[in-house]
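Novice: Encoded as structure tokens, here's the structure I'll be asking about.
Quick note: the coordinates plus some simple rules give every number you see, no bench work behind them. Since the model is a prediction, treat every value here as computed from it, not as a measurement. With ideal geometry, Cβ positions are generated from the backbone for all residues, glycine too; neighbour counts draw on all protein chains shown.
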Amino acid sequence: MSMRKKTWSALVLAAGFGTRLLPHTRHTPKPLFTIDSRPLLDIIITRLAEAGCSDVVVNTHYMSQKITSFLESRRYGINVKTSHEPKILGTGGAIRNNIDLLGESPFMVINSDIYTNIDLQAVYRFHTDNDAPVTMVMHDRQPFNTVWVDRENLVTGFNEVPGARSHCGKLMAFTGIHVIDPGVTRQMPPEGTFFSVIDFYAALIKNGGRIKAMIVSGHEWDDIGTYESYRNTAFRETVRSAIKKAFGMAHSFKVEQLHPDGSDTRWSRIICSAGSLVACERGIQEPGKKTEAMAFTSIGRHLRSRKVNVPFIYGSDTFAGISIMDDLGSMSLQHAVKKAKTPGDIHKLYIPVLENLAVLSTRGIEGFDHEWAFQTEQYDKNVIIEQECRYFVRYFLLDFLGMDIVEDGLEREFETLAELTTSLAIEGLIHRDMQSRNVMLKDGIPFFIDFQGARTGPIQYDIASLMIDPYVNLERAVQEQLVSAYIKIISRYRKIDEELFMAGYACCAVARNLQILGAFGHLTVKKEKSWFAGYIPSAAKNLVGRIVELEESSGKKFPALTHTASMANESIISASSRGAGPV
């Protein structure tokens, strides 16, 4: 005769507003925050199922439809249902409200904002093996130690309850996991009443009730209710998964912060006994929108599949904004150029970079999905006018230089520049920020980074960006040699009209130069990263010459832009001569 397997239920408390995680909980309820790309609610229910739970009730209130829709898309092999609270009832009221759904056996209650590997099967077994009507899982975890536990591991009081007094025993922290006998719930306030389960437990103890503490240690437990605790947990778990994928097994690791660049992205090196990886953190990203983290992961994996040298991405959590990739070392193209002794040495450094760029431009566009592009799907007239020309006016002329009057004819000339650039474009995939800091050299092989802004556009743009790069300030003769070399290299992949290429190149060089000056102005003034101001003089001087070449190449005149560029350059030279720096 076979014994029927005993079943038990669990209530997951998921109704809260997540106010400590604002503004991010305005778009995503806290239970759907991801840990290593999995929503925390999904992790909790999976672990309950693995522990032998047969029925899960998820109580909801805030953003209930998002939670319900997510659960309807999942299959756990056990019964999972939601219970909506039109009016939020607190932790105690939620339990009382769902008694009829939780069955006649002891049931588990677990908070939806904890990430833990506590053995839930052992927790349930512990409860059924003792005669207390309630079991609270406790641990020593400052600063959360607010519950008194005596020598017999009975809970005797709560510091957080108003009017609480010191009790005998020691202070411990409640993990947010407890098991309750159904009979106890008859002592709770009526259904529909708002109350805290901790207040109820305090009253239960005062009236002679017993609550057993199951004390655990050697486990992991994180309350992800604040941004910093969530970030730390998501980062740690994504790194752990990436290390397993990269090196074949788990390793302990340490984190070494890397120097910041012009973005607000946080970079770090992950070091373990098997090797090292690099982590990139962009912060929480809103689901349903095109985001930088999603673009980086999708485009990076695509480029890798097209044989473009980019770092392999071992792990990512696009909601948390985390990417873990190859460690390419610390030698950027910028550093290598600074160490080069002759123009010939520089030429040798750039040839493999141009080879990789040609692959990106021609092979990278094959199978490229425009949905991956998080800024714009393509480099078009609007991008040129808004994100390069007007960007230059707003952040360089007005904010950085403090110019009161801007030439009336600039807008018309910006329109002309945009029309020329797009009409002379040879279409391909562009990186959009191709400069020496975004090229890493590992064992002499160039790898591109920061490619999340990639989109379709004129292939002349990236080579122009690379040549006028103020971080290295290449001599004009070297630039000309490298452009000629690039035309020969890319001609192996597609037919190139050299005259058309060079005409478009002249346009792209001016547009990119405007963007560079706008970016440096923004970084210096708005982001208060003053070191970028040191690159402005060479970029401002370069713009004057690039406009002359554009006029010669196109046969069109840009008097307002010419005058503006000259005035800006003279202003910077004058400030420098007075010892005032580039400003």
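Novice: Explain nothing, just the number: dipole magnitude of region 227-326 about its Cα centre with +1 on each Lys and Arg Cβ and -1 on each Asp and Glu Cβ, in debye rounded to the nearest 20.
Specialist: On the way: 15 positive and 10 negative charges, 88 e Å.
Its charge dipole is roughly 420 debye.
Novice: For the chain, take the longest principal axis of its alpha carbons; what is the angle in degrees between that and the long axis of helix 40-50, to the nearest 10 within 0 to 90?
Specialist: It is inclined by approximately 40 degrees.
Novice: Can you give the angle from 0 to 90° between the axis of helix 343-362 and the longest principal axis of the chain, with both taken from C-alpha atoms, to the nearest 10?
Specialist: 60 degrees
Novice: Region 495-583: which GluC sites (Glu not before Pro) are DSSP loop and have at most 11 other beta-carbon atoms within 10 angstrom?
Specialist: Sites meeting the loop and neighbour criteria: E528.
Novice: Could you give the distance between the Cα centres of region 441-497 and region 32-72, to the whole Å?
Specialist: Spelled out, the Cα-based centre of one part sits 48 Å from the other.
Novice: Taking other Cβ within 10 Å of each residue's Cβ, how do D443, D399 sort, fewest first? Mind dumping the intermediate values first?
Specialist: Working: D443 7, D399 16.
Least crowded to most crowded, the residues run D443, D399.
Novice: Which loop-located trypsin sites (Lys or Arg not before Pro) does region 71-173 contain, where loop means any DSSP state but H, G, I, E or B and the Cβ has at most 11 other Cβ atoms within 10 Å? Mind showing how you got there, number by number?
Specialist: Values: sites: R74, R75, K81, K87, R96, R125, R141, R151, R165, K170; in loops: R74, R75, K87, R141, R151, R165.
Taking region 71-173 and a limit of 11 other Cβ atoms within 10 Å, the loop trypsin sites (Lys or Arg not before Pro) found are R75, K87, R151, R165.
Novice: Taking the Cα atoms only, what angle lies between the long axis of helix 536-554 and the longest principal axis of the chain, rounded to 10 degrees?
Specialist: The answer is roughly 60 degrees.
Novice: Any chance you could run the full-extension gain for I351 through K66? It's 0.36 nm times the residue separation minus the Cα-Cα distance, nm to one decimal.
Specialist: That pair, I351 and K66, stretches by 97.5 nm at full extension.
Novice: For the chain, what does the relative contact order come out to in percent, with C-alpha contacts under 8 Å and a separation of six or more?
Specialist: So the answer I get is 11 percent.
Novice: Using only the Cα atoms of region 333-577, what do you get for the radius of gyration and for Dmax, in Å?
Specialist: 17.3, 52
Novice: Among V359, V56, which comes first, then next, by fewest other beta-carbon atoms within 10 Å?
Specialist: V359, V56
Novice: Which of I215, I346 comes first, and how do the rest follow, when ranked by fewest Cβ neighbours within 10 Å?
Specialist: I215, I346
Novice: Using 0.36 nm per residue, how much length does the chain from R476 to F247 gain when fully extended, once their Cα-Cα distance is taken away?
Specialist: On the way: separation 229, 0.36 × 229 = 82.44 nm, distance 4.49 nm.
Length gained between R476 and F247: 77.9 nm.
Novice: Take the alpha carbon atoms of region 194-272, find their center, do the same for region 102-142, and report the distance between the two centers in whole angstrom.
Specialist: Here the two parts' Cα centres lie 19 Å apart.
Novice: Answer with one residue from S229, P352, V239: the one whose Cα lies farthest towards the positive end of the charge dipole of region 213-362, charges on Cβ with Lys, Arg +1 and Asp, Glu -1.
Specialist: Positive-most Cα among the choices belongs to P352.
Novice: Using only DSSP helix segments of four residues or longer, with each worth -39500 (n - 2.57), what per-residue ellipticity at 222 nm results for the chain after dividing by its residue count and rounding to 500?
Specialist: Numbers: 15 runs with 213 residues, N = 583.
So the helix-based figure for the chain works out to -12000 deg cm²/dmol.
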